[in-house]
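Shown next, in structure tokens, is the structure this report addresses.
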Amino acid sequence: MTDLNTDIALRLEKIRGEIHDAVAKAGRTPDSTELVAVSKQKPVAAIRSAAAAGQVDFAENYLQEALEKIQQLSDLALCWHFIGPIQSNKTRLIAENFDWVHTVDRVRIAQRLNDQRPSQRPPVNICIQVNLQHEQTKSGIEPDQVTPLVEQVMAMPRLRLRGLMAIPRPAEDFAEQVAVFRRLTTLRDTVNRFVLETQPDMPAMDVLSMGMTNDMQAAIQAGSTHVRIGTAIFGERSNK
Ligand SMILES: *Cc1c(COP(=O)(O)O)cnc(C)c1O
């Protein structure tokens, strides 16, 4: 237990240093990228260790597993992010138990989350997942469909639209990774400009949820505000 604590604390410190350096190297405002710890397939004890080292934001992508952990960790003031594919029969439990949902990619899911968000909780933070590379097998909405979905989500009072999220294909080349992530940054800025012109009272999207263990530096270079990091904090996962 103590070993796990030390191990995870050291890994977190290392990652935070790398994020800090990448933000500085990109010439961006200090602390403009937040670390979301992806704890999927990792035990509650590992999450407790990370929390003891100051980590507040955690992400899960399997609902059932997440609900058990949220329950067992309810003594801690953690912020929970849902980052998995969403089936419509799962929206109620997601709306009831999470602070953020990064993987909204259709209006039906958004509408259900809005309708099912408990009234005693604040609106749930939402990112729209974009399929940047038109991959058949991936979730996410096509880039040219983002604006209409943004307009619909913005009109839902129990959702707080924060930004866009993407999971690009792994790429070897740093410049190529940056170029792909920049497409999400540009898309966010373009949609923000459109919304400002048509609905000046709506808040702009401030979030870009992009970057994982293997492409975090490139994502930060391209403007990521939230990197979602699992392996570098908790170690390798066994393949499901
Ligand atoms: C698993 C997962 C991550 C974390 O991936 P690592 O490579 O372990 O950092 C980030 N985002 C999503 C959506 C994931 O499913």
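The values are calculated or read from the model by the stated rules, or taken from the named source; none is laboratory data. These figures come from a predicted structure and were not determined experimentally. Here the Cβ is made from the backbone with ideal geometry for all residues, glycine too, and neighbour counts use every protein chain on show. Just so you know, the surface numbers come from the protein's heavy atoms only, side chains and all, with ligands and any DNA or RNA stripped out. Shrake-Rupley method; radii C 1.70, N 1.55, O 1.52, S 1.80 Å.
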Original post:
With labels modelled as points extended 7 Å from the Cα through the Cβ direction, what inter-label distance (nm, one decimal) is found for residue 99 paired with residue 193?
Top reply: 3.4
**OP:** Excluding residues fewer than 8 places away in the same chain, name every one of the lysines whose C-alpha is closer than 17 Å to that of residue 14.
**Re:** 25
Original post:
On average, how much accessible surface per residue is there in the chain, in Å², for a 1.4 Å probe, leaving out ligands, DNA and RNA?
Top reply: 49
Subject >> Using θ = phi - 60° and Karplus 6.51 cos²θ - 1.76 cosθ + 1.60, couplings along region 187-197 (whole Hz; Gly, Pro as x) >> reply: 4, 4, 5, 5, 5, 4, 5, 4, 5, 4, 6
**OP:** Go through region 49-59 residue by residue and turn each phi into a ³J(HN,Hα) via Karplus (6.51, -1.76, 1.60, θ = phi - 60°); whole Hz please, and just put x for glycine and proline.
**Re:** 4, 5, 5, 5, 8, x, 7, 10, 8, 10, 10
**OP:** Give, as a single signed number, the net charge of other residues whose beta carbon lies under 12 Å from the beta carbon of residue 206, with Lys and Arg counted +1 and Asp and Glu -1.
**Re:** +1
Original post:
What accessible area, in Å² to the nearest ten, does a 1.4 Å probe give for residue 196?
Top reply: 110
Original post:
How big is the gap, in Å, between the Cα center of region 200-240 and the Cα center of region 29-67?
Top reply: 13
Subject >> Heavy-atom accessible surface of the chain: percent carbon and sulfur, 1.4 Å >> reply: 50
Subject >> Residues whose placed amide H lies under 5 Å from that of residue 38, excluding near-sequence neighbours >> reply: 59, 229, 230
**OP:** Keeping all protein chains in position, work out how much accessible area residue 237 exposes to a 1.4 Å probe, and write it in Å² to the nearest 10.
**Re:** 80
Original post:
Relative contact order for region 60-208: what is it in percent, counting Cα pairs under 8 Å that are at least 6 residues apart?
Top reply: 18
